[in-house]
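Colleague: I have a structure here, written as structure tokens, and I will follow up with some questions on it.
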Amino acid sequence: MGTAPAPDDAASGIARRRGPGTGSPFEGTAASAPRSPPQDADAPAPVSPASNTPAPGRPVRGSAGGRPVMAALDLLGRRWTLRVIWELRGNGAPIGFRDLQRRCDGMSSSVLSTRLTELREAGIAASTATAAQPAWQLTALGDDLVTAMGPLLDWSRAWAERR
């Protein structure tokens, strides 16, 4: 049971990009070939059916079929998520919860806790919890995300200079 590819929006003149071999906009859909789960330490925590964490293959904002790009945009578009990722991107050293909260301009602890749980379930951040002090850092997947956002950062700087 797959999703049909979205048609080109001829009325607006926008041709949608197609992913390689998927026939759907951007990249794969829920009908993509299943992959075996990663077996390394950076493997995302399982997302329970009751979880609100966006995940590819599950309905998300903008995609009933859970297209991976839409799931990513839903997750990254949540309040404070990008700021948390930005603060975790540093030198790779784990950051304690209170220090992270301070770096995020004192956001509420409940929102920070929710965002960290979502990022952990998505495989972007991991807790290096010890009995004394839990700390957070980006996973390899999180580092890849920061790298992928580099061109957007460059574009935003050029945009700011033109204004």
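The values are calculated or read from the model by the stated rules, or taken from the named source; none is laboratory data. Everything numeric here is computed off the predicted structure, so don't read it as measured data. Cβ atoms come from the backbone with ideal geometry, glycine included; neighbour counts cover every protein chain shown. Just the protein is used for accessible areas: all its heavy atoms, side chains included, with ligands, DNA and RNA removed. Shrake-Rupley method; radii C 1.70, N 1.55, O 1.52, S 1.80 Å.
Colleague: Just give me the residues in the stretch 135-163 being open to solvent by less than 60 Å² (accessible area, probe 1.4 Å) and either in contact with an Asp or Glu (Cβ under 7 Å, 6 or more places away or on another chain) or touching a residue at least 12 places away in the same chain (Cβ under 8 Å) (or both), in sequence order.
Modeller: ALA135, TRP136, GLN137, LEU138, THR139, ALA140, GLY142, LEU145, VAL146
Colleague: Quick one: in the stretch 50-87, which of the residues that are over 27 Å from LEU100 (Cα atoms) and of a type in the set (D, E, K, R) is surrounded by the fewest Cβ atoms within 10 Å (Cβ to Cβ)?
Modeller: ARG61
Colleague: Quick one: ALA129 ticks every box in (1) surrounded by fewer than 13 Cβ atoms within 10 Å (Cβ to Cβ); (2) touching a strand residue (DSSP E or B) at 6+ places or on another chain (Cβ under 6 Å) bar one, so which box is it?
Modeller: Among (1) surrounded by fewer than 13 Cβ atoms within 10 Å (Cβ to Cβ); (2) touching a strand residue (DSSP E or B) at 6+ places or on another chain (Cβ under 6 Å), the lone unmet condition for ALA129 is (2).
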